[in-house]
Amino acid sequence: MQPPMTPANLSKLLDSLSRLSAEDLLSAKDVIAKRSRDVECSLVIKEAEKAMSSCPHCGHDKFSKFGTKDGRQRFRCKSPDCMKTFNALTGTPVARLRMAEKHIDHGTAIADRVSVRDSARRLGIAVTTAFRWRHRFLVAGRDSQPPLLSGLVEADETFFLESFKGQRQGLPRPAKVRGTPAKKPGLSAEQIPVLVARDRSSGATLTARVASRSAKDIGAVLRPVLSKDSLLVSDGARAYSVIAKEKGVESKRVKAKTKKSGIYHINNVNAYDSRLKGWMYDFHGVATKYLPNYLGWHRMMDNKQAYVSGQTLVAAMLRYKKRPVR
């Protein structure tokens, strides 16, 4: 780790910069920009170090500093059953990822919704690395769902065609050209249902892939987040009435033909579905196994109350902790 620059040396450096030619100044700007990114990432990690409250291995709340490695503070758990070392990245989606100085730039690429290949070109990394980083970075957004939906809660499903994009082996059906439509019209086993439930007052939105449209599968996702004072508004699907009855909340069914019954409607959910489908279109199909990651990505970008940048995305990942591994 380099020692801090003395005021005298800094003064000499600034004096030298004032006499640079245009060509040399451009080179200096690249070096300064790179150093700024390094410092920015270090500051985010420092904040995460200050916020640490327990060992990520066992959950014990007693630990102490245990030296540094690559300029990063390490800690050691004081539990006699653990005694493991860790740092601010342990147990987070970015643990063991290399080139930490490029993480904020990659977070910016995600905020800008840049393609994998364009991200690789922008950061100077391999396409496979950019793809792996994308799905590591999206873990925090994938698991970030609203803890509670209250008041008027609109719920409905939208559907995405099942996709095995990128899979080379073990396909349950013959491979097909991208853009090939479903074999059967309307709903079928080829269509993957996604539950969308939206709190009309706050705009908090839950989106999750579900196994089927049954009350059992939808209820497993929806019931835990419904508050006792909520009123569940849905289309004619019977599953929602069953879920509301099991939860002990009121429900209102709006017929598909009328679409509205006074203040009861699912227009907010339908509008969200439309934005989600339009947002997904540019990806030219998303592999079904990665669909939860993209749903979380869209929730994050659709939230008008939260400004998403590379720095805020990396900070969110450092706050995201897996459960203790023991």
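The values are calculated or read from the model by the stated rules, or taken from the named source; none is laboratory data. Note that the structure is predicted; figures quoted are calculated from it, not measured. Heads up, the Cβs are rebuilt from the backbone with ideal geometry, glycines too, and the neighbour counts pull from every protein chain shown. These accessible areas exclude ligands, DNA and RNA; they are computed on the full protein's heavy atoms, side chains included. Shrake-Rupley method; radii C 1.70, N 1.55, O 1.52, S 1.80 Å.
Some notes on this structure:
- Of the residues making up the stretch 179-204, those that are open to solvent by 40 Å² or more (accessible area, probe 1.4 Å) and small (Gly, Ala, Ser) number 5.
- Residues that are over 22 Å from the mean Cα position of the chain (by Cα) and modelled with pLDDT of 90 or more are absent from the stretch 175-187 altogether.
- Breaking point among (1) crowded, with 16+ Cβ neighbours inside 10 Å; (2) more than 22 Å from Ser188 (Cβ to Cβ), for Ala239: (2)
- Looking at Arg213, Arg238, Arg200, just one residue is free of Cβ contacts under 8 Å to residues at least 24 places away in the same chain and either touching a strand residue (DSSP E or B) at 6+ places or on another chain (Cβ under 9 Å) or at positive phi (or both), and that residue is Arg238.
- Within the stretch 192-245, restricting attention to residues that are under 24 Å from the mean Cα position of the chain (by Cα) and part of a loop (DSSP other than H, G, I, E, B), the residue that is farthest from Val286 (Cα to Cα) is Ser201.
- Residue in the stretch 184-191 that is free of Cβ contacts under 8 Å to residues at least 40 places away in the same chain, not β-branched (Val, Ile, Thr) and not in a loop (DSSP other than H, G, I, E, B) present: yes
- Filter pass, Ser53 being closer than 27 Å to Leu276 by Cβ and either open to solvent by 20 Å² or more (accessible area, probe 1.4 Å) or of a type in the set (Val, Ile, Thr) (or both): no
- Complete set of residues in the stretch 162-178 that are within 30 Å of Tyr320 (Cβ to Cβ) and of a type in the set (A, V, I, L, M): none
- Taking the numbered list (1) buried (at least 17 other Cβ atoms within 10 Å of the Cβ); (2) at pLDDT below 85; (3) of a type in the set (D, E, K, R) in turn, Lys260 passes all entries but (1).
- Answer residue from the stretch 270-293, given it is aromatic (Phe, Trp, Tyr) and either open to solvent by less than 20 Å² (accessible area, probe 1.4 Å) or in a loop (DSSP other than H, G, I, E, B) (or both) and is farthest from Thr158 (Cα to Cα) among those: Phe283
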